[in-house]
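Since the structure comes first, as structure tokens, the remarks are kept for the end.
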Amino acid sequence: MSMKYMSNLAQVGRASSRVSSVLRGSSYNSVRYYSDETTHFGYKTVKKDDKEKLVGNVFSSVASNYDVMNDAMSLGIHRLWKSHFISRLDAGMRPGSSRPLDFLDVAGGTGDIAFGLLDHAKTKYNDTQSTMTIADINPDMLREGEKRYQQTQWNDGSDRVKFLVQNGETMDKIEDNSKDVYTIAFGIRNFTNIQAGLNTAYRVLRPGGIFACLEFSQVDNPVLDYVYQAYSFSLLPLMGQLIANDRESYQYLVESIQKFPKQEEFKGMIEKAGFYVPEKGYENLTFGVASIHIGVKL
């Protein structure tokens, strides 16, 4: 047996051991309990008052490489997920409507969902009047979105698109019953209090308004889940080091996916906020790597 073969076998064994350890840790952390003063930051237990700053530091670090980060975390498939998300919503002011729609894209920093929604509304319904508010707690992420906005057709002096620094859990600058469509993509898992964010979404939507969330989720096939977690925990932090010289931020982002509620649990939280959840309530994408959740304010 060659020394090279033995070396490769040893490396595989070490990698397998690390992955198995991660999977056991993931199971343990999923049942960890927190006090009223603490919460999770990935797999770390932190004070609730500290999490907002810690998450802010992560996204300030990755803001300029945000699309590259999502490409790495989804193998590039996030672009297809977002396109499907926008098409499924199929939002836009229909011909003959009495008023335009008011969109709110939360944790929308770089603007890709917001601009995609406006593109869809114009292309399919010739809607050039509906408004878009892009809200994000992180000013660095919003600045990236504003840079992109300058290069879009929506930068036409009409003031239809607004950028707003806001905490998604409170939205104190957004009035009650003022929005028709609330979207959030790959953002709600970073909230300190997810239920508070859902309650706020219900508050700001008008009756008949739509809540739509696209988020990394839990893979429903055990074999595929093992492979996905092996990729996530073994390669993504390394890619973060190579792409952005920031291993720790990518490690947190991987861990935050594991801490996010499973599909049925999150569906229950949406219902708890007051929303009607149609049919199954969610659509798994790519075997559950991501999911779309829909709620309607009746």
Please find the FRET efficiency linking Glu279 to Leu238, where r is the Cβ-Cβ separation and R0 is fixed at 45 Å, and quote it to the nearest 0.05. 0.70
So which aspartates and glutamates pass the test for Lys179, namely a Cα distance under 20 Å, with those fewer than 8 places away in the same chain ruled out? Asp90, Asp102, Asp105, Asp112, Asp119, Asp127, Asp136, Asp159, Glu169, Glu271
I'd like the distance separating the alpha-carbon centroids of region 226-298 and region 147-164, in whole Å. 29 Å
Leu298 to Ser83: FRET efficiency via 1/(1 + (r/R0)^6), r the Cβ-Cβ distance, R0 35 Å, to the nearest 0.05? 0.75
Amide H neighbours of Gly274 under 5 Å, counting only residues 5+ apart in sequence or on other chains, H built in-plane at 1.01 Å? none
With DNA, RNA and ligands ignored, accessible area of Asp159 (1.4 Å probe; Å², nearest 10): 100 Å²
Could you state the per residue volume, in Å³, of the convex hull enclosing the Cα atoms of region 38-297? 122 Å³
Using the Karplus curve 6.51 cos²θ - 1.76 cosθ + 1.60 with θ = phi - 60°, work out ³J(HN,Hα) for each residue of region 258-274 in order, rounded to whole Hz, and write x for Gly and Pro. 5, 7, 6, x, 5, 3, 5, 5, 5, 4, x, 5, 5, 5, 4, 5, x
For region 93-173, which trypsin sites (Lys or Arg not before Pro) are both in a DSSP coil and crowded by at most 12 other Cβ atoms within 10 Å? Lys173
Do any GluC sites (Glu not before Pro) in region 202-276 lie in a loop, going by DSSP, with at most 16 other beta-carbon atoms within 10 Å of their beta carbon, and if so which? none
For region 156-268, what are the per-bin percents of Cα-Cα distances with bins 10 Å wide, up to the bin holding the maximum? 12, 34, 29, 20, 6, 0
At R0 = 22 Å the Cβ-Cβ FRET efficiency linking Glu37 and Lys259, nearest 0.05, sits at 0.80
For region 196-210, Karplus-derived ³J(HN,Hα) couplings (6.51, -1.76, 1.60; θ = phi - 60°; whole Hz; x for glycine and proline) come out as 4, x, 5, 4, 5, 4, 5, 4, 7, 7, 6, x, x, x, 10
Cross-link partners of Lys280 among lysines (Cα-Cα below 17 Å; sequence separation of 8 or more within a chain): Lys262, Lys267, Lys272, Lys297
By the scheme Lys and Arg +1, Asp and Glu -1, what is the net charge of all other residues having a beta-carbon under 11 Å from that of Phe186? 0
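The values are calculated or read from the model by the stated rules, or taken from the named source; none is laboratory data. Values in this document were obtained by computation on a predicted structure and should not be read as measured data. All Cβ positions, glycine included, derive from the backbone under ideal geometry; neighbour counts span all protein chains shown. Just so you know, the surface numbers come from the protein's heavy atoms only, side chains and all, with ligands and any DNA or RNA stripped out. Shrake-Rupley method; radii C 1.70, N 1.55, O 1.52, S 1.80 Å.
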